Structure formats: structure tokens, C-alpha cells
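The values are calculated or read from the model by the stated rules, or taken from the named source; none is laboratory data. For clarity, every value in this text was computed on a predicted model and none was experimentally measured. We place every Cβ from the backbone using ideal geometry, glycine too, and count neighbours over all the protein chains shown.
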Amino acid sequence: MEMLRQLTYQLYASGYLPEMFQYGFLTNALVAACIMGPILGALGPLVVVKRLAFFSEAVGHGALTGVAIGILLGEPVTQPLVALFCFCTLFALLLHWIKSRTQVPYDALVGVFLSFAIALGAALLLYVAKRVNVHILENVLFGSILTVRDMDILVLLLIALISVSLLLYSGNRALLASLSPELARTRGISVRLYDYVFVLLIALVTVASVKVVGAILVGALLLIPATAARMISRNGREFFWFSVIFSTLSCLLGILLPMAGAMPIPSGAAIVMIASAFFILALGVRRWRKVQ
């Protein structure tokens with residue numbers, strides 16, 4: 001990371017980059033965006049196909065509780081990673097385990113878990129707010145490029161490598177298990193195993209992205225670019241690549257525009273608003289194609 005920061009500063013000093021790139025934290029944020037955007041975009045189509053949008057929102061809100069637990073247990077205020085990952089992973093796996101063993105509608109079950117996570121987080125925040133600056137909690141809720149550190153980037157990179165490896169190794173089988181579980185079973189594919197792996201992956205990626213996008217908004221970045229891509233795609237390949245492009249551009253522009261003063265809002269909000277703009281654009285393209 002230090003080498004990357006030095007390279008960025010040299011490019012700024014040579015006049016190749018705008019003035020704002022003299023700050024090291026912006027380099028961290030851009031690196032995080034370049035890792036986070038493609039991964040969220042790649043997983044988004046499966047989230048849409050499997051109808052797990054509400055699930056990713058629940059995990060994102062659960063991150064707030066994980067942060068509060070970590071701070072209460074004595075972890076660093078800016079990086080309570082152990083409690084954050086442990087709570088959200090257990091939250092996601094327990095939710096999916098109960099779903100597979102009950103007849104409760106999935107959206108109702110996710111709503112119960114979401115309500116529990118928010119209530120528990122609100123209760124714990126009363127104690128956490130007495131020990132830390134309240135602005136730190138705002139960063140968790142809405143994201144902040146100022147809080148992205150080297151450790152956050154390393155965690156994102158590790159999860160990205162795991163995600164890419166799984167997608168390359170079994171992406172087609174995972175897609176088949178999502179689209180047609182019965183057909184997948186006839187071909188010897190363990191649908192339940194792929195379901196658990198995907199749920200775990202969504203939880204890990206969601207938690208790793210909280211620093212930039214925020215706990216409230218991170219689920220939207222899994223959903224909106226993929227939904228926009230689905231509206232204008234003619235096949236699965238276009239669906240995947242449009243989702244990656246929309247998600248990556250949303251992350252990059254959502255970081256650069258607030259820094260340039262064009263959008264004086266938190267980075268997480270800017271990222272989701274730009275993704276929403278892509279959704280509106282895709283909707284217009286779809287309607288135009290129908291007219292033609």
C-alpha cells in the first residue's frame with residue numbers, strides 16, 4: 001500500500017492526477033472501490049436470481065450489532081473485525097439453517113432476523129455511545145472514505161480472492177443450482193452446499209464493504225446494479241458483465257464526486273445514488289427497446 005501511495009503522489013506531483021490525490025486516504029478509498037465494486041457486481045446476479053436482496057439487507061444491518069459487540073469486548077473502535085465477522089457470519093448461517101427447516105415464508109423469516117438485529121444493535125449502542133465518539137457510529141451506518149485503512153483493504157482483497165476462486169471453480173454449477181435446483185440435483189450437484197457457501201460469501205462480502213458503503217446501504221449495492229443489468233441484458237454473459245460495470249462505476253464515482261465537491265454527501269450515499277441513476281438509465285433503455 002505504501003508503494004501505491006507513493007506512486008499516486010508522484011503522478012499527482014507530475015500533474016497527471018487532480019489535486020485531491022495528494023491525500024493518502026483517497027488512494028486507500030479508490031483501491032477499496034476497485035476491489036469492492038467488481039466483487040459486489042459479480043455476486044449481484046446470483047442475489048437477484050436467488051431473491052436474496054432482503055437477506056443482504058439484514059446482514060448489513062447486523063453489522064451494526066457486530067461493531068457494537070466488538071467495541072464492548074474491547075476491540076479497536078475503528079476495526080472491531082473479529083466480532084463483526086463472527087456475528088454476521090453466525091447471523092447469516094443461522095438464518096439460512098432455520099429457513100431450510102421451517103415452513104415460514106423466507107421474507108417473513110428475514111424480517112424477524114432483521115428486526116432482532118436492529119433492536120439488539122440499538123440496545124447495545126446506548127452503552128457504546130458512552131465510550132466512543134458518536135461520529136464513528138455514523139461512519140458505520142453510512143460509510144466514510146476517511147475510515148478506510150490498510151487492514152480493511154487487505155480484508156477486502158482476501159475475500160475478493162476467495163470469491164473469484166469460487167466463481168471460477170464452480171460459478172456455472174452455482175448458477176444452475178440457483179436457476180433449477182431439481183436439474184442440478186440430477187447432475188449430482190449439492191444444492192444445499194452451494195446455498196450455504198453462497199450465503200456465507202454474501203455475509204463476508206457485505207461485512208467487508210461496510211467501511212465504504214455503510215451498514216444501511218451495502219445491501220443496495222448488491223441489488224441495484226444487478227437489477228439494472230438484468231433489464232438490459234439479452235443473455236447471462238451480458239447480465240454478469242453489465243452488473244460488474246455498473247457496480248464498479250458506482251463505487252468509483254461515488255468516491256470521486258464527493259471528494260471533488262460535486263456531491264457533498266457521504267460516500268456510501270453517493271455510491272448508491274449513482275447506482276440508482278444507472279437503474280433509471282437501464283429502465284429508459286429497456287422502454288426504448290420495446291418502442292423500437
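If I go through segment 227-252 residue by residue, how many of them are surrounded by fewer than 21 Cβ atoms within 10 Å (Cβ to Cβ) and among the aliphatic types (A, V, I, L, M)? The number of residues fulfilling the criteria is 5. Can Ile224 be described as over 15 Å from Ser163 (Cβ atoms), surrounded by fewer than 22 Cβ atoms within 10 Å (Cβ to Cβ) and of a type in the set (Val, Ile, Thr)? No: the conditions fail for Ile224. Of the residues Leu84, Leu94, the single one that is of a type outside the set (S, T, N, Q), within 16 Å of Ser56 (Cβ to Cβ) and buried (at least 18 other Cβ atoms within 10 Å of the Cβ) is Leu84.
Each residue in segment 102-115 was checked for being assigned to a helix (DSSP H, G or I) and either surrounded by fewer than 16 Cβ atoms within 10 Å (Cβ to Cβ) or modelled with pLDDT under 80 (or both), and 6 of them qualify. Tallying residues that are outside any helix (DSSP H, G or I), under 21 Å from Tyr196 (Cα atoms) and in contact (Cβ under 8 Å) with a residue 40 or more places away in the chain within segment 74-101 yields 1.
Taking the listed residues Ala220, Ala228, the one that is among the small types (Gly, Ala, Ser), over 23 Å from Ala92 (Cβ atoms) and under 17 Å from the mean Cα position of the chain (by Cα) is Ala228, with no other qualifying.
Only a single item in (1) of a type outside the set (Ser, Thr, Tyr); (2) at negative phi; (3) not in a helix (DSSP H, G or I) is not met by Arg51, and it is number (2).
Looking at segment 252-263, is at least one residue touching a helix residue (DSSP H, G or I) at 6+ places or on another chain (Cβ under 9 Å), farther than 28 Å from Glu19 by Cβ and of a type outside the set (Gly, Ala, Ser)? Among the residues of segment 252-263, not one is touching a helix residue (DSSP H, G or I) at 6+ places or on another chain (Cβ under 9 Å), farther than 28 Å from Glu19 by Cβ and of a type outside the set (Gly, Ala, Ser), which makes the answer no.
Of note, Ile35 does not satisfy the criterion of being modelled with pLDDT of 80 or more and over 14 Å from the mean Cα position of the chain (by Cα).
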